[in-house]
1. Looking only at residues that are away from the ligand (no atom under 11 Å from the Cβ), in contact with a helix residue (DSSP H, G or I) (Cβ under 9 Å, 6 or more places away or on another chain) and modelled with pLDDT of 95 or more in segment 156-176, which one is nearest to residue 222 (Cα to Cα)?
2. Scan segment 119-131 residue by residue and report those that are crowded, with 17+ Cβ neighbours inside 10 Å and within 13 Å of the chain's Cα centre (by Cα).
3. Run down 68, 44 and say which single residue is assigned by TED's automatic domain parsing to the domain that holds residue 99 and in contact (Cβ under 8 Å) with a residue 12 or more places away in the chain.
4. Can you name the residue in segment 72-91 that is farther than 16 Å from residue 225 by Cα and under 15 Å from the mean Cα position of the chain (by Cα) and is also nearest to the ligand (Cβ to nearest atom) among such residues?
5. Specify the residue that is farthest from the ligand (Cβ to nearest atom); the eligible residues are those in segment 135-155 that are crowded, with 17+ Cβ neighbours inside 10 Å and within 20 Å of residue 118 (Cα to Cα).
6. Would you confirm, using the coordinates I've provided, whether residue 61 is within 26 Å of residue 215 (Cβ to Cβ), outside the structural domain of residue 130 (by TED's automatic domain parsing) and either assigned to a helix (DSSP H, G or I) or within 12 Å of the ligand (Cβ to nearest atom) (or both)?
7. Sort out which residues of segment 177-192 are in a helix (DSSP H, G or I), within 16 Å of the ligand (Cβ to nearest atom) and within 24 Å of residue 150 (Cα to Cα), and write them in order of number.
8. In segment 147-174, what residues are over 17 Å from residue 101 (Cβ atoms), in a helix (DSSP H, G or I) and touching a strand residue (DSSP E or B) at 6+ places or on another chain (Cβ under 9 Å)?
Ligand SMILES: C[S@@+](CC[C@H](N)C(=O)[O-])C[C@H]1O[C@@H](n2cnc3c(N)ncnc32)[C@H](O)[C@@H]1O
């Protein structure tokens, strides 16, 4: 999938993309007219297809231009298999994107609730759930911190996969109050992950593994299992 984020709702590429479109599965034009350097925006033209599909251990994921999906599929699959092996009981998957972890971990859980703030991702997650005929998962479009504040005490396993900026401080306070038995924390930022782990005071770190999700860069993805003291 290759998308172009442009500042005016016009296709000025004309025939320049003709050969290029032969080479890709999906391409869209997205509008973002602010000054920020963004990789998402309002889809105003689909040049080709508008989505791609990735398959992990028999689960098909539809991925659209504005919804997050791990870019390194091989490493993501290793991490999801590990998460599956650690998941138990009623499970809450915060920052669930297109439902990749929620759907993958569903077979080990009694139920999974995925919470994601981007409506497009939640709609795709729901389609992914239906397409894969997985019954014990539901998706909610909400801010993760607001959801956790309102829903304390209902979950055995908490899965966290926040954006690079990490989690808000109030979120860590709500998680301590919720006190799930185990927390599976996937992070693409070891610095914010370290800071967050320090504030999850009621938990032991059972293990922390690093995965080379972004080869040839200084970035690394980590997976941590925390269990209640
Ligand atoms: C690192 S991605 C993880 C996605 C998914 N778990 C996966 O493995 O594909 C982080 C996700 O958090 C979502 N997000 C960012 N801020 C959020 C918030 N305040 N509440 C809920 N979701 C949020 C983003 O839209 C994005 O889908």
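The values are calculated or read from the model by the stated rules, or taken from the named source; none is laboratory data. Not measured: the values here are computed from a predicted model. Cβ: placed from backbone, ideal geometry, glycine included. Neighbour counts: every protein chain shown.
1. Per the criteria, the residue is 158.
2. Correct list: 121, 122, 124, 125.
3. From the options 68, 44, the qualifying one is 68.
4. 76
5. Applying the filter and picking the extreme gives 137.
6. Numbers: within 26 Å of residue 215 (Cβ to Cβ): yes; outside the structural domain of residue 130 (by TED's automatic domain parsing): no; either assigned to a helix (DSSP H, G or I) or within 12 Å of the ligand (Cβ to nearest atom) (or both): yes.
Here the answer is no, as residue 61 does not meet what is asked.
7. The answer is 178, and nothing else.
8. Passing the criteria: only 171.
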